[in-house]
Amino acid sequence: MVTRSTQWHKQLEKKVLNDPEMRFEYETYKGQLELAEKMKKARIKAHLTQENVAEKMETQKTVIARLEAAGGKGRHSPSFSTLSKYAAAIGCKLEIKLVPKRKQHHHHTD
């Protein structure tokens with residue numbers, strides 16, 4: 001049973017990663033999950049509860065829980081301003097970096 005589902009998952013992943021649009025969705029979602037995880041870890045490191053952060057952001061605990069759970073399906077990604085407020089509430093600052101992708105096979109000449 002296990003091997004069958006693993007094979008199915010691998011096939012699905014291959015299908016997804018070969019489709020540029022699906023790949024973009026996948027990478028975006030993966031990025032959101034990673035960010036949510038980092039946010040939660042940073043909050044815990046700051047010894048703050050979701051209630052503490054909600055209070056500082058003048059919002060509900062459910063909002064914080066959603067942020068830390070990457071929003072879930074069908075929800076919008078949090079705005080830059082929301083992420084900045086969250087960062088400030090846990091004593092951090094938000095930094096967004098543009099990191100070049102791994103080298104592509106085709107070269108563009110300017």
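The values are calculated or read from the model by the stated rules, or taken from the named source; none is laboratory data. Keep in mind that what you see is a predicted model, and the values were worked out from it rather than measured. No Cβ is skipped: glycine too gets one built from the backbone with ideal geometry, and neighbour counts run over all protein chains shown. All accessible areas refer to the heavy atoms of the entire protein, side chains included, with ligands and DNA or RNA removed. Shrake-Rupley method; radii C 1.70, N 1.55, O 1.52, S 1.80 Å.
Tally the residues that are under 30 Å from I64 (Cβ atoms) and out of contact with any helix residue (DSSP H, G or I) (no Cβ under 6 Å at 6 or more places or on another chain), restricting the search to the range 1-38.
Residues in the range 1-38 being under 30 Å from I64 (Cβ atoms) and out of contact with any helix residue (DSSP H, G or I) (no Cβ under 6 Å at 6 or more places or on another chain): 13 in total.
May I ask you to list the residues in the range 65-92 that are surrounded by 15 or more Cβ atoms within 10 Å (Cβ to Cβ), closer than 13 Å to R43 by Cα and either modelled with pLDDT under 95 or not β-branched (V, I, T) (or both)?
L67, E68, L83, K85, Y86, A87, A89, C92 - these are the residues of the range 65-92 that are surrounded by 15 or more Cβ atoms within 10 Å (Cβ to Cβ), closer than 13 Å to R43 by Cα and either modelled with pLDDT under 95 or not β-branched (V, I, T) (or both).
I need every pair where a residue in the range 93-110 that is surrounded by 10 or more Cβ atoms within 10 Å (Cβ to Cβ) has its Cβ under 8 Å from the Cβ of a residue that is in a loop (DSSP other than H, G, I, E, B) and at pLDDT below 80, sequence separation at least 6 or different chains.
Note: no pairs meet the criteria.
Is it the case that K14 is over 16 Å from the mean Cα position of the chain (by Cα) and open to solvent by 90 Å² or more (accessible area, probe 1.4 Å)?
Against the criterion (over 16 Å from the mean Cα position of the chain (by Cα) and open to solvent by 90 Å² or more (accessible area, probe 1.4 Å)), K14 qualifies.
In the range 33-64, which residues are open to solvent by 50 Å² or more (accessible area, probe 1.4 Å) and in contact with a Gly (Cβ under 9 Å, 6 or more places away or on another chain)?
If the condition is that a residue be open to solvent by 50 Å² or more (accessible area, probe 1.4 Å) and in contact with a Gly (Cβ under 9 Å, 6 or more places away or on another chain), then no residue fits.
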